[in-house]
Structure formats: C-alpha cells, structure tokens
Amino acid sequence: MSKIKVVISGISGKMGQESLKAVHAQSDMEVIGGTCKSPQYSTLTIPDSSIKIPTTASLEPIISEADVVLDFTNSEVAMDAIRIAANHNVPIVTGSTGFNAEMVKEIETISEKNKLGIIVAPNFAIGAVLMMHLAKTAGQFFEFADLTESHHEQKLDSPSGTAISIAKSALENRNSGFTSVKSQKELIEGTRGGTLEGINIHSSRMPGRVAHHELTFGTIGQTFTIKHDSINRESFMPGVIMAIKHVIGQSSLIWGLEKVMRL
C-alpha cells in the first residue's frame, strides 16, 4: 500500500517541527515538502535521517503530489492554504486558530463547493477534546463557571482558541448563560477577566507552559473542576495523525477533533 504523502504548511514553526517528526515516524506516511514564511534554504533535512524535502514560501510548487496538507500557521496563512488545497483537490487539516465569521463562512463554502475534506481543530490533544465533551455534559447542571488558561509567552491570541471552544461547549446544552459575579470594588481593573455569556475567562502567558486549561463549575454547596495539561507538543501528535488519516476520502467540513473521535 502506498504511503500517505503529506505537505506541512508552517513546517519551521514549533508545531510544524513536531508534526514533521511525528508524520515521518509513521510507517504509512511520508512528508514530501513544507512551507514557511521565509525559507533559508530550498531543502530541509528531516531530523534523524538523511532525507531532504523541498521547502518553499508557497504551497503551489509542492502540492501537486500531496495526499493531505497539514497546516499549523495562523488564520490568514491558513486561509490561503485552504484555497490552494481546494484548487488542487487536496484535503487539508489545520490547527490554526483565530478564524473570524467571514473566514468560517468561506471555509464552509470552499468545502461545500469543491466537495473537499477539511478538518479544522483548535486543539489536537485528545484530553482537551474530552474536556470539551465533559464541559458540554456538565454545563447544564451548574450556575457559575470560571475558566483559566495558561500558555507560553509567544502565544498570539488571548484567550486561546481551545479556551473559547471549552466555554462554548459548556454553554451548548443551556437555555441561557451562566451567572457572573460582579465585584462591588474592583481594586485592579480586569481582575475578574473577560466574560463569555457569564463564564469568566482568565489568560496567563509565561515561559515554561505549553497549554493548561481549567474549568470550574459552581453551584450551592459544591464545585466541579475539569482540568487538562499538555506537558509538551508531542501530546498533540496522536490527534494530528488521527486527523490526517480521517480526512482522506472525506467530502465535507469537520470542525473539531471530537467528530473524528466520534464523541
């Protein structure tokens, strides 16, 4: 059986590098190229091997032989990758976040028009996806909710896309938002964090973190806490590999790894 040929968009980034190692380690997959904003060299050597693959600033020169595009960039670069992938009828998996409503609509249109498999996942950590699933179940039974998330200092967005997905999951089975307590005296402005339909969300950014999410529900006489930590970026790779295998043969948009996991 032939190997799944993968092109990685954002191959020089931290997630791109981790994905390169993970995909290369699969007996049924191979990385055939990658893109980055400003390639220093025209080729890149896969770690712990002598295999060289082409690196370019655009997908166009290297996508023709690909079976799947794997994207870890940002929302704007990811949109370009999705458009190019659609033009070549190549399914795409993206872990980029920050898509606005207009972008989401365009992704939906591209997938529907081209009958193209697209997976958009804000988090590939299986534990984080399970956390969203549990938040959806528990959210209907509590009145109060606080969500804390911590990431490394280079994280661009606050709160994280995963935190927003967790909060939306907690709200999914409710008829109204949560109750958010307002301090009578806020001695330091913003101490209570931002709010999403009554869920107070707090973001921390500092070195030493990869990803931490902690959701606490409260009601009379009790609290219920769901917590997940990604210790390193390797934690995302089982979900990435699962998504790559799943997107092949798909003809529609899948939003979130939970659908791939059949939750």
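Structural remarks
- Zone of residue 2's modelled label, taken as backbone nitrogen in the stretch 23-46 under 14 Å from a point 7 Å along Cα→Cβ: 29-30, 32
- Footprinting exposure proxy for 205, 233, 262 (fewest neighbouring C-beta atoms within 10 Å first): 262, 205, 233
- Summarising the label geometry, the points placed 7 Å from Cα in the beta-carbon direction at residue 14 and residue 105 lie 3.4 nm from one another.
- Within the shell of other residues whose beta carbon sits under 12 angstrom from the beta carbon of residue 204, the net charge comes to 0, with Lys and Arg scored +1 and Asp and Glu -1.
- Net +/- balance of residues flanking residue 80 in space, Cβ distance below 14 Å, scoring K and R +1, D and E -1: -2
- Ascending count of other beta-carbon atoms within 10 Å, so fewest first, for 148, 195, 73: 195, 148, 73
- Counting only aspartates and glutamates at least 8 places from residue 227 when in the same chain, those with an alpha carbon closer than 15 Å to its own are 146, 149, 214.
- Rounded tilt (10° steps) of 101-114 against the dominant C-alpha axis of the chain: 40
- Calculated on C-alpha atoms, the gyration radius of the stretch 7-158 divided by its Kirkwood radius gives an Rg/Rh of 1.02.
- For the residue pairs 115/136; 14/259; 52/168; 3/37; 21/115; 105/182, alpha carbon separations beyond 32 Å are given by 52/168; 105/182.
- Helix axis angle, 75-87 relative to the chain longest principal axis, alpha carbon, degrees: 40
- Within-15-Å neighbourhood charge of residue 261 [Cβ basis; K, R +1; D, E -1]: +3
- Each residue, residue 263 and residue 144, gets one label point 7 Å from its Cα in the Cβ direction; the gap between the two is 2.6 nm.
- Shape box of the stretch 150-263 [Cα atoms, principal axes, largest first, Å]: 56, 38, 25
- Taken over the alpha carbons of the stretch 69-128 as equal point scatterers, the Debye sum produces base-10 log I(q)/I(0) values at 0.14, 0.20, 0.23 Å⁻¹ of -0.34, -0.69, -0.89.
- Structure-derived semi-axes √(5λ) of the Cα gyration tensor in Å - corresponding label in (i) 28, 21, 18; (ii) 37, 27, 19; (iii) 36, 19, 17: (iii)
- Net length gained if the chain between residue 58 and residue 168 were fully extended (0.36 nm per residue, minus Cα distance): 36.2 nm
- Taking amide H as placed 1.01 Å from N in the peptide plane, residue 204 has its amide H under 5 Å from the amide H of 149, 150, 151, each at least 5 places away in sequence or on another chain.
- Counting only alpha carbon atoms, the long axis of helix 237-247 and the longest principal axis of the chain meet at about 70°.
No lab work stands behind these numbers, since they all come straight from the coordinates. These numbers come from a predicted model, not from an experiment. Ideal geometry is used to build each Cβ from the backbone, glycine not excepted, and the neighbour counts take in all protein chains shown.
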